[in-house]
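**Student:** What follows is a single structure, and I will ask about it in a moment.
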Amino acid sequence: MRKKLVLRTFRNFIIIVFLSLVIMYGNAIYTDNDTKNEHHRITEKVHGKVRLTTPKIMRIKAQGFANYIGMNITQFEKEFGEPQAVMDSAINVRWLLYNVDSVNYLKVGIDEYTQKVCSIVVVGNIPSVKSKFKIGMSLKQLVKISTLYANFEVAYSEEKFQFELSENDLNNHPLIGFSNGSYVISYLQPNSKKVMALEFLNTDMLLKKNIYRIVSRTPIPAQYQGETNWEQLDTMVPFDLLQLINVKRRILANTVLSSDEILNQSASSIVSLLNKNPKRYLKVGDANLLSDVLSGDVGQKKFLNLDENGFSNKIYNDAKLNSKSFEIHVIFPFYSATTFFENRKLQQNVWDSMVASGTKKIGIAYDQGLLVIIINKGGN
């Protein structure tokens with residue numbers, strides 16, 4: 001009896017030791033994998049010579065449109081004249097649109113609270129403003145102008161915090177700082193790594209755009225938010241988007257697109273369908289997000305670009321469109337056409353199709369943060 005007890009105890013001891021070794025080995029593998037993944041993230045190669053981490057950044061001398069950031073609207077209009085069109089936004093910024101229907105389209109953001117220039121979006125080269133930053137320049141040319149940094153310590157509302165750029169940020173929309181406290185984001189084409197748009201802006205607009213990770217010991221102060229003129233935006237967002245599409249098409253020597261009335265009506269019908277019953281076409285979580293967006297909640301962090309893989313085919317049937325001939329894209333929350341430059345997947349999945357020479361017709365409809373685009377695949 002005693003012998004059996006000893007054997008049983010010894011057997012249990014062996015089992016416990018074996019299980020302990022298995023657990024320790026598993027933890028070691030898991031930890032090692034985590035370490036490798038973290039190491040891979042940190043050391044992932046970036047195109048061009050880039051300093052990934054540095055506590056001090058060298059801001060370059062302000063040039064070109066960087067000199068206009070912070071300028072009073074009255075002074076700016078003395079130099080550039082009155083805009084050809086004006087559009088509101090959902091972020092307390094009024095946009096002045098210049099050089100409409102040209103290859104030098106220019107969009108200037110005026111902070112509604114300070115009445116000063118807070119953002120300037122350049123899609124074509126403006127001959128009257130001299131700058132080393134040019135549309136079409138390569139990433140290699142860009143890093144010759146200034147070192148690309150991954151960390152920017154900035155002051156805002158008497159607090160200090162840091163913008164942290166990932167490898168993806170540095171490869172697709174690097175940030176460069178100027179000596180006057182302004183910045184420029186260079187939006188790069190995914191494949192060629194050439195600059196397709198430039199945005200000069202202040203710290204406040206960088207926070208509003210929310211495209212870089214922010215590190216702060218204290219919460220970012222709440223920003224002033226005025227009322228949003230959705231009725232005006234429902235008209236101007238499609239207009240602004242079509243302007244940007246045609247700027248690129250002109251630069252590429254492609255024929256410009258006019259707004260196709262039949263496809264616009266189809267896009268509007270899809271907007272109505274999604275308004276009335278989003279759960280018929282979207283996953284529950286996506287439908288709930290869309291309902292929040294359509295209710296006027298502009299603070300949503302999640303962004304969705306849905307195509308035929310992201311919603312039910314019922315949307316094609318109810319809109320009376322053939323999926324073989326048309327692409328439907330449902331995008332939300334969407335408040336600015338520059339989102340196409342900021343989001344790489346959106347750029348590759350939708351933007352490239354809209355500016356391609358083979359595309360002859362598109363339809364656009366917008367309602368309170370919901371954008372629907374229809375692209376005619378056949379171009380007829």
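The values are calculated or read from the model by the stated rules, or taken from the named source; none is laboratory data. Predicted model, so just to flag it, every value in this text is computed and none were measured. Counting neighbours? That spans all protein chains shown, and the Cβs are built from the backbone with ideal geometry, glycine included. Calculation scope for accessible area: heavy atoms of the full protein, side chains included, ligands and nucleic acids excluded. Shrake-Rupley method; radii C 1.70, N 1.55, O 1.52, S 1.80 Å.
**Student:** Specify the residue that is most open to solvent (accessible area, probe 1.4 Å); the eligible residues are those in the range 236-257 that are in contact with a strand residue (DSSP E or B) (Cβ under 8 Å, 6 or more places away or on another chain) and either within 19 Å of ASP307 (Cα to Cα) or of a type outside the set (A, V, I, L, M) (or both).
**Tutor:** The selected residue is PHE239.
**Student:** Can you go through VAL108, VAL93 and tell me which one is touching a Pro at 6+ places or on another chain (Cβ under 9 Å) and crowded, with 17+ Cβ neighbours inside 10 Å?
**Tutor:** VAL108
**Student:** Among the numbered criteria (1) under 29 Å from ASN210 (Cβ atoms); (2) open to solvent by less than 50 Å² (accessible area, probe 1.4 Å); (3) not basic (Lys, Arg), which one does ASP260 miss?
**Tutor:** (1)
**Student:** Still on this model: Looking only at strands (runs of 3 or more DSSP E) that fall completely inside the range 85-142, which ones have 1 or more residues that are closer than 15 Å to MET71 by Cα?
**Tutor:** 93-98, 106-111, 117-122
**Student:** Any idea which of ARG59, ARG51 is at pLDDT below 95 and within 18 Å of PHE200 (Cα to Cα)?
**Tutor:** Selected residue: ARG59, the only one of ARG59, ARG51 that is at pLDDT below 95 and within 18 Å of PHE200 (Cα to Cα).
**Student:** Of everything in the range 268-296 that's β-branched (Val, Ile, Thr) and touching a Leu at 6+ places or on another chain (Cβ under 8 Å), which residue is surrounded by the most Cβ atoms within 10 Å (Cβ to Cβ)?
**Tutor:** VAL293
**Student:** Among the residues in the range 307-314, are any buried (at least 19 other Cβ atoms within 10 Å of the Cβ) and in contact (Cβ under 8 Å) with a residue 40 or more places away in the chain?
**Tutor:** no
**Student:** Still on this structure, I have one more. Suppose the filter is part of a loop (DSSP other than H, G, I, E, B), touching a strand residue (DSSP E or B) at 6+ places or on another chain (Cβ under 9 Å), buried (at least 18 other Cβ atoms within 10 Å of the Cβ) and not polar (S, T, N, Q); does LEU206 pass it?
**Tutor:** No: the conditions fail for LEU206.
**Student:** Would it be correct to say that LYS360 is closer than 17 Å to GLU308 by Cβ and more than 21 Å from the chain's Cα centre (by Cα)?
**Tutor:** Spelling it out, it is not the case that LYS360 is closer than 17 Å to GLU308 by Cβ and more than 21 Å from the chain's Cα centre (by Cα).
**Student:** Go through the range 227-263 residue by residue and tally those that are under 24 Å from the mean Cα position of the chain (by Cα), part of a helix (DSSP H, G or I) and not acidic (Asp, Glu).
**Tutor:** The total comes to 19.
**Student:** Taking the range 297-306 only, how many residues are open to solvent by less than 80 Å² (accessible area, probe 1.4 Å) and in a loop (DSSP other than H, G, I, E, B)?
**Tutor:** Looking only at that region, the number is 5.
**Student:** Would you point out which residue out of VAL123, VAL143 is surrounded by 15 or more Cβ atoms within 10 Å (Cβ to Cβ), within 22 Å of GLU79 (Cβ to Cβ) and hydrophobic (A, V, I, L, M, F, W, C)?
**Tutor:** That would be VAL123, the only listed residue that is surrounded by 15 or more Cβ atoms within 10 Å (Cβ to Cβ), within 22 Å of GLU79 (Cβ to Cβ) and hydrophobic (A, V, I, L, M, F, W, C).
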